[in-house]
1. Given R₀ = 22 Å, FRET efficiency for Arg58-His166 by Cβ-Cβ distance, to 0.05?
2. Calculated FRET efficiency, Ala134 and Arg24, Cβ-Cβ r, R0 45 Å, to nearest 0.05?
3. How high is the FRET efficiency from Asp189 to Ser153, r the C-beta distance, R0 22 Å, rounded to 0.05?
Amino acid sequence: TRKTRNPSLGNPRAGYLQAVRAARAGNWSLAASLIQRTQGSIDDVPAVMLVQGLIAYRTGNTNLAIDSLTRLLSQQPGNVVGRRALGAAQSAVGDNIGAIETLRPLADLPGADLRTLILIARAYDASGQPDQAAPYLQRAAQGGAMLALQTQSLPQRREATLVALHDGRWRDAAMLANTVIAGAPDSPDGYNARGVARMSLGDRSAAIGD
């Protein structure tokens, strides 16, 4: 029988590109297998460190993810994807103080993305600092995050809506729920969230309509 040639065995770059394609397709186990076949020959390349870190995190090898992403940020401290992923990995192993230090340079930017704001808020809350978490939770539904909200995925919009409801920010929750409804008009999630927000604001007639 004819054997299928595996480019990653003789060409580490080809193996890396295969791993990237597998990761983008959500096949993290295959991506992990492909990146391992490069046998460490290109581990010092920042792009490879990033992919290794993301794959390790998604496949449950959190400590390996932290190692790869820490090495990446030592060379590219401004790598947004790597910094956010490192913060998530640090939180996953209970290093919430480390996660806060990692995420703060991103979270304190005026246009910080929704995921970063929620990650740092959760890290503050888990470290026993709910008062520090509150401003980030608020910004997750307002300010820079709201400017980019229409380009966020539907699950991210739902998450922001739930954050606003949990925080008791009813007007924000109603506004965010409208963006969920716009993205999924046939789903009950947005209508239910908007109904809760409107009821809490005292607008019972509108809430009943939802």
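1. Values: r = 26 Å, r/R0 = 1.20.
Efficiency, rounded to the nearest 0.05: 0.25.
2. Details: r = 36 Å, r/R0 = 0.79.
That pair, Ala134 with Arg24, gives E of 0.80.
3. Working: r = 14 Å, r/R0 = 0.62.
For R0 = 22 Å, the calculated efficiency reads 0.95.
Only the coordinates and a few stated rules stand behind these numbers; no lab work does. Just so it is clear, the model here is predicted, and its values are computed rather than measured. So basically every Cβ, Gly included, is an ideal-geometry build from the backbone, and we count neighbours across all protein chains shown.
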